[in-house]
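Asks: Got a structure for you, questions after.
Nothing in this text is a laboratory measurement; each read-out follows from the coordinates by a stated rule. This one's a predicted model, so the numbers in the text were calculated from it and none came from an experiment. Note that we place each Cβ from the backbone using ideal geometry, even for glycine, and neighbour counts take in every protein chain shown.
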Amino acid sequence: MAEIKTIYLFLSRVVDRQKDKMNGEVKMKFNIKSDVDTTRKEIESALKNNEQEKQEIQSYLNKKKNNKVKWDRTKWIISIILLLAGIIFIGVNNGLAYSTVRTGHKKYEDAKVYYLKSDSKCTQEFKGYDGTLEDMSIYIDNQGRESSKGSMILTVVDKDGNELATTSKPLTGMKTRKYTHFTFEKPAKLKRNEYYTLIIQCEDAYNSQKFGVYTTDKNNSYLKSGTIDGQKLADGEKIAISMEFQFYNTGALRIMFGMLILSLIFVLVPFGVIEEKFNKKFNKNISLDKILSRILFWVSPIVAYFMVESLSSFTVGPILESLFTVRGLLNIIIYYVVLFVFFAITNKTQYSAILMCIAMFVLALTNYFVFGFRGIPVLAADVLSIGTALNVADSFEYSFDIYVLWAVSFLVAFSGAMFSLKSYKGLKLKKRLVSVAVIIAIVIGGYNFYINSSGVVNAGIIDSQWKPQLTYAQNGSVLSFTTSWKYIKNNKPDEYSTDDVEKIAKNFKSDSTDKNSAKTKKMPNVIAIMNESLADLNVDGPFETSEDYLPFIHSLTKNTIKGKLYVSIEGANTANSEFEFLTGNSLAFFAPRAVPYNNYVKGVVPSLTRTLVSQGYMGNNSYHPYKRSGWNRENVYNSLGFNHFYSMEYYKKPEFIRNFISDKTDMEQITKDYEKARSKSSDPFYLFNVTVQNHGGYVGNRGFVDADIQVTNSMLSSDEVEQYVTLAKKSDEAFEELTKYFEKVDEPTIIVMFGDHQPPLSTDFYSNIFGKKIDHFTAKDTATWYSTPYVIWANYDIEEKQNEDMSANYLSSYLLNLIGADMTGYNKYLLDLQKKIPVLTGLFYQGDDGEFRNIDEKSKYTKYINEYSKVQYNGLFDKKHRLEDFFFLKDGDYQVKEDN
């Protein structure tokens, strides 16, 4: 800039002199000399200023360089601290380094079956693993098991004949050509490479179609010789058994410490010195840090894959094997897409790689805890429920195991090494804009391939949402989560048309009604209660406690109807059972783990409430003694036709059990509001209440109750289980007090109470009570796990029924029919459908043949399920063409009027 100014001044003087000459003006010698001197001074001044500017620029560059050196040194120190913290973390938590290993568990197509007698005895020698024997499985043949009798007893003895562990199981629990799991009540501690003997003893066992054990001649190094009823098996032939050991994994700890120490060494290597010597010797100008940073950038998705899969309970070996499969490739591509997105944001290879790994670690750790709480991994639908999840996140106790240690080791080792390197400028503006455009195109292409098309299925991946935990295990965590987004959309049923719905609806006419109908027909007051996590764990398997924890509900017979209520959820997503009960709709036609309250319940929605409002019920309020924001209830209850929604602020001076308002307080409020309503009108009264007392987090920071009830089976006993049964007993007592109150009420009153889902206890508890791992549940096992008790009690004479089982979508129509209410065509349609398909949930169904099937299984009932999906779609989504006279009562004003 200074040079240009000097030249400009000089030329200006020359031009001025030339002008003077052309005008005939004669310049004095003095003036010429003065002009030249002035020009010289200006040039000297400009040069002086130029030198000063150079010095300022150099000073700025030096300062910037020093700042960068300081920042690089700071990063280097932070990396060392991070790695040392990682080493300390693994060291402090080394007691968690227990792993599980399963031997065998292969299905042998050429296996040979040996049929057994009622008192048969089999033995099989096996090699021990240095750890605790938790579980054994035997490959069984037991066709027609439903009619079988007796049991098998398994006993493990050492070489001296000392009994180490024993367990038993009835023959009815053993499927044919399947591994039957036996879990030891007191696991046995075994030693590596020592041989032990498994004794299989039949006890009064009988099956008219025969039963037996399979053998195999496959090479199994952990099995030795075996016998069946005293006869030694042929050489190389062994009984097909599988074992699960838990052991202290010193090898894993060595690898974790090794990764962190190698990363620390990497950080301490003087790459700057090496780079300088290399460039000087070979006359090059390479940047070693830049090369290493770029290598780690491209490697980071593989590191993230190992980290995330380890948090899904996979060890390094299986993860490494999966890396070279189609599923591994499809997972890695997703990691690269996420990496590129972070690069588009940061324009730094170093920071984008670290941020990608941190983001994936946080998501995977969230899934790790969620799976531990409810036994089902995170799916896309859960993201839409994040607000409610945050409301209750502090209810649970967070603990971790060796898989978290693995994930932390991967994250810290990689991040420490990457962060220690010098950072460099990213792409310049034009190149960056091009890269952003390319990345956007990649994201769009990825969305279309993974979510908006059948590309994943065409690649040979089984994309099923029947059991998300199996999908995660088979396909990988990130791939499973990504593809679950395709199921969040509510697609129109195949071949849907309003004409088809009209053909179905014409056979079910809605009743005519008016605002005096309920009073004229002397219909009863209706109190509906959905009780948080209320369950009868005895239905899952033998569950013995020091005393009955639901004594009142179990004792009810007079004027009572009760049974199992099959729901679409387990341990979480309370609003789904609420939705099915209030609307008569089924979760079978939504994406797995979807919560309709979050997205689909909008505008005027047909419901039990609107049906009762139409015929003159008063009250018509909803209650939930917890936060208003949960499950979008503030908006949903308006759509369902409720008058008011009363949340926790409504309850004055409540009793708290743990940090939740008690069922006792909640049900006392029901009687108070009934009396208040009765002082205003004699019209039949209705309310819907969702309790909160038994919410999950039974050993978390929600507080404790004195565990008055003990679980007598040591395999099922734990603090959280005993906390739960004690809470359930308090719910039973509160319900008893409510019924005692209404026994004294002259007006006919009916109370229906049901559980929303079984309690979110540990997956180990449910595996133990069912006698098998959750991953091995059949459709019937799942149905049992997804069942809760319901009870309908009246203070007047009704037909008494026990074991009247149904799914939640039928219960409100069943209730309306029971009280003699006017019913919509939709209610009548559901009651007719119930005769053909008594149970229909989001995961399974049961036809009138009594067999449970998973929801995707085709059968003679499929056509009825498809019809139901069209009817439901018309009522909930196709509002422009909705058959109003089918979903609402004729002549009925189903809009709620304010109670004055």
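Asks: Taking H as built 1.01 Å from N, whose amide H comes closer than 5 Å to the amide H of Ala165, not counting residues under 5 places away?
Replies: Val156
Asks: Which three lengths, in whole Å and largest first, does the range 754-900 cover when its Cα atoms are put on their principal axes?
Replies: 54, 40, 31
Asks: Enumerate the aspartates and glutamates that Lys281 could reach by cross-link, defined here as Cα to Cα under 17 Å, with residues fewer than 8 away along the same chain left out.
Replies: Answer for Lys281, where 17 Å is the Cα cut-off: none of the aspartates and glutamates qualify.
Asks: Just to confirm my numbers, what's the Cα centroid distance between the range 766-781 and the range 834-876 in Å?
Replies: 23 Å
Asks: Which pairs, out of Lys70/Lys290; Lys290/Lys428; Lys75/Lys430; Lys121/Lys780, put more than 22 Å between their alpha-carbon atoms? Each step should come with its number before you reach the end.
Replies: Details: Lys70/Lys290 18 Å; Lys290/Lys428 16 Å; Lys75/Lys430 29 Å; Lys121/Lys780 31 Å.
Violating the 22 Å limit, Cα to Cα: Lys75/Lys430; Lys121/Lys780.
Asks: Is it possible to state the helix-based mean residue ellipticity at 222 nm for the chain, with each DSSP H run of 4+ residues giving -39500 (n - 2.57), the sum divided by total residues, to the nearest 500 deg cm²/dmol? What is it?
Replies: Mean residue ellipticity, 222 nm, calculated: -14500 deg cm²/dmol.
Asks: Work out the length of the dipole vector of the chain about its Cα centre, built from +1 on the beta-carbon of each Lys and Arg and -1 on the beta-carbon of each Asp and Glu, and round it to the nearest 20 debye.
Replies: 5640 debye
Asks: With each pseudo-label sitting 7 Å past Cα toward Cβ, what's the Gln231-Arg177 distance in nm, one decimal?
Replies: Here the answer is 2.3 nm between the modelled labels.
Asks: Hey, can you rank 351-357, 278-284 by average C-beta count inside 10 Å, highest first?
Replies: 351-357, 278-284
Asks: Over all alpha-carbon pairs of the range 250-487, lay out the pair-distance distribution in 5 Å bins, whole %, shortest bin first.
Replies: 1, 6, 12, 15, 17, 16, 13, 10, 5, 3, 2, 1, 0
Asks: Relative contact order for the range 250-487 using alpha-carbon pairs under 8 Å, separation at least 6, rounded to a whole percent?
Replies: 31 percent
Asks: For Lys773, list the aspartates and glutamates whose Cα falls under 14 Å from its own Cα; do not include residues on the same chain fewer than 8 positions away.
Replies: Glu134, Asp135, Glu244, Asp540, Asp764, Asp781
Asks: Ala437 to Ile80: extension gain in nm, 0.36 nm per residue of separation minus the Cα-Cα distance?
Replies: Length gained between Ala437 and Ile80: 124.8 nm.
Asks: Suppose every Lys and Arg Cβ carries +1 and every Asp and Glu Cβ carries -1, with no other charges. What dipole size does the range 567-637 come out with about its Cα centre, to the nearest 20 debye?
Replies: 200 debye
Asks: Run through the range 114-160 and list the trypsin sites (Lys or Arg not before Pro) located in a DSSP loop whose Cβ has at most 13 other Cβ atoms within 10 Å.
Replies: Passing sites in the range 114-160 are Lys117, Lys159.
Asks: Still on this structure, I have one more. Report the Cα-based extents of the range 99-248 along its three principal axes, largest first, to the nearest Å.
Replies: 44, 32, 28
Asks: Quick one: angle between helix 825-836 and the longest Cα principal axis of the chain, in degrees between 0 and 90, rounded to 10, please.
Replies: Helix 825-836 sits roughly 70 degrees off the main axis of the chain.
Asks: Write down the Kirkwood hydrodynamic radius of the range 422-536, to one decimal in angstroms, obtained as one divided by the mean of 1/r over all alpha carbon pairs.
Replies: Result for the range 422-536, one decimal place: 21.1 Å.
Asks: If eta is 0.890 mPa s and T is 25 °C, what Stokes-Einstein diffusion coefficient results for the range 251-387, Kirkwood Rh from Cα pairs, in µm²/s?
Replies: Approximately 141 µm²/s, per Stokes-Einstein.
Asks: Counting only DSSP beta bridges with both residues in the chain, tell me the antiparallel percent, nearest 5.
Replies: Looking only at bridges with both residues in the chain, the antiparallel portion is about 75 percent.
Asks: Testing the spin-label approximation: label points 7 Å from Cα along Cα→Cβ at Lys290 and Lys780. State their distance in nm.
Replies: Rounded to a tenth, the inter-label distance reads 6.9 nm.
Asks: Further, regarding this structure: Which whole-Hz couplings ³J(HN,Hα) result when phi for each residue of the range 685-693 is put into the Karplus expression 6.51 cos²θ - 1.76 cosθ + 1.60, θ = phi - 60°, listed in order with x for Gly and Pro?
Replies: Listing the rounded values in order: 10, 9, 8, 10, 10, 10, 7, 9, 3 Hz.
Asks: Right, another one. Looking at the chain from every direction and averaging, what is the projected area of its Cα convex hull in nm²? The partial results should precede the final answer.
Replies: Values: hull surface 232.4 nm².
About 58.1 nm², averaged over all directions.
Asks: When you count, for each residue, the other Cβ atoms within 10 Å and take the mean per peptide, how do 447-458, 799-810, 517-528 rank with the highest first? Each step should come with its number before you reach the end.
Replies: Numbers: 447-458: 14.4, 799-810: 17.8, 517-528: 20.3.
The packing order, highest mean first, is 517-528, 799-810, 447-458.
Asks: Going down the table (Lys284/Lys425; Lys238/Lys772; Lys680/Lys879; Lys521/Lys744; Lys564/Lys879), which pairs top 31 Å between alpha carbons?
Replies: Details: Lys284/Lys425 20 Å; Lys238/Lys772 23 Å; Lys680/Lys879 36 Å; Lys521/Lys744 21 Å; Lys564/Lys879 33 Å.
Pairs exceeding the cut-off: Lys680/Lys879; Lys564/Lys879.
Asks: Given a cut-off of 25 Å, name the pairs among Lys562/Lys858; Lys169/Lys562; Lys117/Lys232 whose C-alpha atoms lie farther apart than that in the structure shown.
Replies: Numbers: Lys562/Lys858 30 Å; Lys169/Lys562 30 Å; Lys117/Lys232 17 Å.
Among Lys562/Lys858; Lys169/Lys562; Lys117/Lys232, the Cα-Cα distance tops 25 Å for Lys562/Lys858; Lys169/Lys562.
Asks: Using a/c under 1.5 as the rounded threshold, could you call the range 633-759 rounded, prolate or oblate? The axes a ≥ b ≥ c are square roots of the C-alpha gyration tensor eigenvalues, and prolate needs a/b larger than b/c, oblate otherwise.
Replies: Since a/c reaches 1.5 and a/b is larger than b/c, the shape of the range 633-759 is classed as prolate.
Asks: Another question, then. Rounded to the nearest 20 debye, what is the charge dipole size of the range 250-487 about its Cα centre when +1 sits on each Lys and Arg Cβ and -1 on each Asp and Glu Cβ?
Replies: 1300 debye
Asks: Starting from the Kirkwood radius over alpha-carbon pairs of the range 635-676, derive D by Stokes-Einstein at 25 °C in a medium of 0.890 mPa s and give it in µm² s⁻¹.
Replies: D = 211 µm²/s.
Asks: How about the range 543-590: which trypsin sites (Lys or Arg not before Pro) there are in a DSSP loop, with at most 16 other Cβ atoms within 10 Å of their Cβ?
Replies: Listed in order of number, the matching sites are Lys558.
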